[in-house]
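Accompanying notes for the structure given below.
The values are calculated or read from the model by the stated rules, or taken from the named source; none is laboratory data. Every value quoted in this text rests on a predicted model; they were computed, and no experiment measured them. In this analysis, Cβ positions are derived from the backbone assuming ideal geometry, glycine residues included, and neighbour counts consider all displayed protein chains. With ligands, DNA and RNA removed, areas are computed over all heavy atoms of the protein, side chains included. Shrake-Rupley method; radii C 1.70, N 1.55, O 1.52, S 1.80 Å.
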Amino acid sequence: MIFSKAGFGGAVADFEAAVVAQDAKRSGKAFVRLQETFGQAKEADLLDGGPRLAAVLEQVPPGPRAVVAVLVGACVERGADAERCAPGVRAGLRAALEAAAAFADAWAATGGGAFPVPDDGEPGEEVVERTGFDAAVGWWTLPQWEMAAVALLNHRAVRAGAGGDRDELLRLLTAVEQASGRQFRSLGHALRVLDDEPLVALHRTSGTGYALRFFGIGDNFQLHTLLADALIGGGHVEGHAPSPHEVAVCRETPGQVDTVGSFDLTAPDGGRLWNEGAPADIPVVDGVRLLVLDEPSYRRSWPAGRFFPGMRGDVILERALEPEETERWLAHVSPAKELTG
């Protein structure tokens with residue numbers, strides 16, 4: 001008898017060989033060992049195992065494929081090369097979203113009703129009869145694909161490498177969310193993260209403007225705090241400046257700490273941009289995202305930190321605009337609208 005290498009490294013080697021050979025019995029046993037041995041895996045096995053598992057994802061059957069993708073994401077979180085793992089996970093995510101979209105269509109065509117809530121098992125017989133097995137598995141495993149994809153999208157190089165695929169993934173995700181009524185908020189925010197993105201911020205009270213650039217910002221709570229640090233903390237405008245600790249946890253320091261809002265974030269048309277949203281919500285004017293900073297209309301506090309704890313982010317002030325530049329940008333701006341309701 002040939003004995004396999006022990007531990008996670010051995011399980012990866014066995015699973016990889018079995019999948020390539022299309023040996024269902026052997027791959028099934030190795031699949032169980034992957035999950036059993038991951039928690040005690042050595043660093044070297046994680047660094048090696050993540051890319052190797054990602055490379056065979058496409059050949060793994062749809063159900064266990066999502067679990068293997070989660071393991072790939074976990075390897076990346078513990079140091080495996082995210083760029084090498086990304087193509088396999090991205091392709092699997094797209095296939096799962098396409099299958100989930102097909103599930104939504106089939107569900108509507110067979111009577112509709114509330115979407116079933118995926119559990120830890122496989123979709124039931126009644127669900128499969130209505131939608132087909134592959135479509136049902138796509139819907140059932142989408143939460144796992146969300147976990148795997150977000151782990152990789154924490155890395156700026158992976159986001160850059162996704163290119164136009166992110167638009168298609170967002171389109172599919174939006175279709176699934178609208179049909180199902182279920183939000184995959186982490187995946188949606190991760191796919192919309194912007195990097196090296198120029199921003200013009202106009203401080204309405206002082207009539208001043210600023211050219212900034214940001215990257216790795218998961219939501220507008222994080223953007224809000226980092227903008228306040230750059231502009232108020234930097235001595236450019238008056239207002240409440242966040243503490244160094246509040247700023248640090250919004251960049252790369254682990255944890256959260258209570259903070260207080262310094263602005264109302266306003267769109268050029270006067271509408272409110274909520275902290276719960278994302279920087280991608282800021283409208284583009286003449287090729288640049290344009291944001292108006294108004295005085296806070298009420299006191300609001302929240303835990304400062306990062307929507308994605310594994311993603312480094314920052315806002316960089318490039319320069320204050322000249323008065324004539326600011327005037328040109330202010331020409332695009334309407335008064336803030338009053339909140340109703």
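Brief remarks on what is shown
- Candidate set: the stretch 52-86, residues that are free of Cβ contacts under 8 Å to residues at least 40 places away in the same chain and small (Gly, Ala, Ser); chosen: the one farthest from Phe15 (Cα to Cα): Gly79
- The stretch 315-332: number of residues that are among the β-branched types (Val, Ile, Thr), touching a Phe, Trp or Tyr at 6+ places or on another chain (Cβ under 8 Å) and surrounded by 14 or more Cβ atoms within 10 Å (Cβ to Cβ): 1
- Residues considered: Ala241, Ala211, Ala280. Of these, the only one that is more than 24 Å from the chain's Cα centre (by Cα), open to solvent by 10 Å² or more (accessible area, probe 1.4 Å), under 28 Å from Gly161 (Cα atoms) and among the small types (Gly, Ala, Ser) is Ala211.
So that you can scan it fast, the table gives a plain yes or no per residue for (1) modelled with pLDDT of 95 or more; (2) in a helix (DSSP H, G or I); (3) polar (S, T, N, Q):
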{"position": "Phe3", "(1), (2), (3)": "no, no, no"}
{"position": "Val12", "(1), (2), (3)": "yes, yes, no"}
{"position": "Ala17", "(1), (2), (3)": "yes, yes, no"}
{"position": "Lys25", "(1), (2), (3)": "no, yes, no"}
{"position": "Gly28", "(1), (2), (3)": "no, yes, no"}
{"position": "Leu34", "(1), (2), (3)": "yes, yes, no"}
{"position": "Gly39", "(1), (2), (3)": "no, yes, no"}
{"position": "Gly49", "(1), (2), (3)": "yes, yes, no"}
{"position": "Ala54", "(1), (2), (3)": "yes, yes, no"}
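- Going through (1) touching a strand residue (DSSP E or B) at 6+ places or on another chain (Cβ under 8 Å); (2) over 19 Å from Thr225 (Cα atoms) one by one, Asp269 falls short only on (1).
- Residues being buried (at least 17 other Cβ atoms within 10 Å of the Cβ) and in contact (Cβ under 8 Å) with a residue 40 or more places away in the chain - total across the stretch 260-274: 6
- Subset of the stretch 244-259 (residues that are touching a strand residue (DSSP E or B) at 6+ places or on another chain (Cβ under 8 Å) and open to solvent by 30 Å² or more (accessible area, probe 1.4 Å)): His245, Arg251, Gln256, Val257, Asp258
- When we screen Arg306, Arg312 for residues that are basic (Lys, Arg), at pLDDT 95 or above, crowded, with 17+ Cβ neighbours inside 10 Å and in contact with a Gly (Cβ under 7 Å, 6 or more places away or on another chain), the only hit is Arg306.
- Residue list for the stretch 102-155, filter: of a type in the set (Asp, Glu) and in contact with a Gly (Cβ under 7 Å, 6 or more places away or on another chain): Glu122
- Residues within the stretch 141-164 that are surrounded by 13 or more Cβ atoms within 10 Å (Cβ to Cβ) and either free of Cβ contacts under 8 Å to residues at least 40 places away in the same chain or not in a helix (DSSP H, G or I) (or both), tallied: 3
Matching residues to (1) within 18 Å of Pro279 (Cβ to Cβ); (2) crowded, with 22+ Cβ neighbours inside 10 Å; (3) out of contact with any helix residue (DSSP H, G or I) (no Cβ under 8 Å at 6 or more places or on another chain):
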| site | (1), (2), (3) |
| --- | --- |
| Val128 | no, no, no |
| Gly138 | no, yes, no |
| Arg166 | yes, no, no |
| Glu197 | yes, no, no |
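- Residues in the stretch 316-341 that are charged (D, E, K, R) and without any contact (Cβ under 8 Å) to a residue 40 or more places away in the chain: Glu322, Glu324, Glu327, Arg328, Glu338.
- Checklist (1) within 19 Å of Met147 (Cβ to Cβ); (2) surrounded by fewer than 18 Cβ atoms within 10 Å (Cβ to Cβ); (3) touching a Lys or Arg at 6+ places or on another chain (Cβ under 7 Å) applied to Gly39, failing item: (3)
- In the set (1) open to solvent by 40 Å² or more (accessible area, probe 1.4 Å); (2) more than 26 Å from Gly121 (Cβ to Cβ); (3) under 25 Å from the mean Cα position of the chain (by Cα), the condition left unmet by Pro51 is number (1).
- Among residues that are crowded, with 19+ Cβ neighbours inside 10 Å, more than 19 Å from Phe307 (Cα to Cα) and without any contact (Cβ under 8 Å) to a residue 60 or more places away in the chain, Ala228 is not included.
- Members of the stretch 317-341 found to be part of a loop (DSSP other than H, G, I, E, B) and within 33 Å of the chain's Cα centre (by Cα), listed by number: Leu321, His332, Val333, Ser334, Pro335, Ala336, Lys337, Glu338, Leu339, Thr340, Gly341
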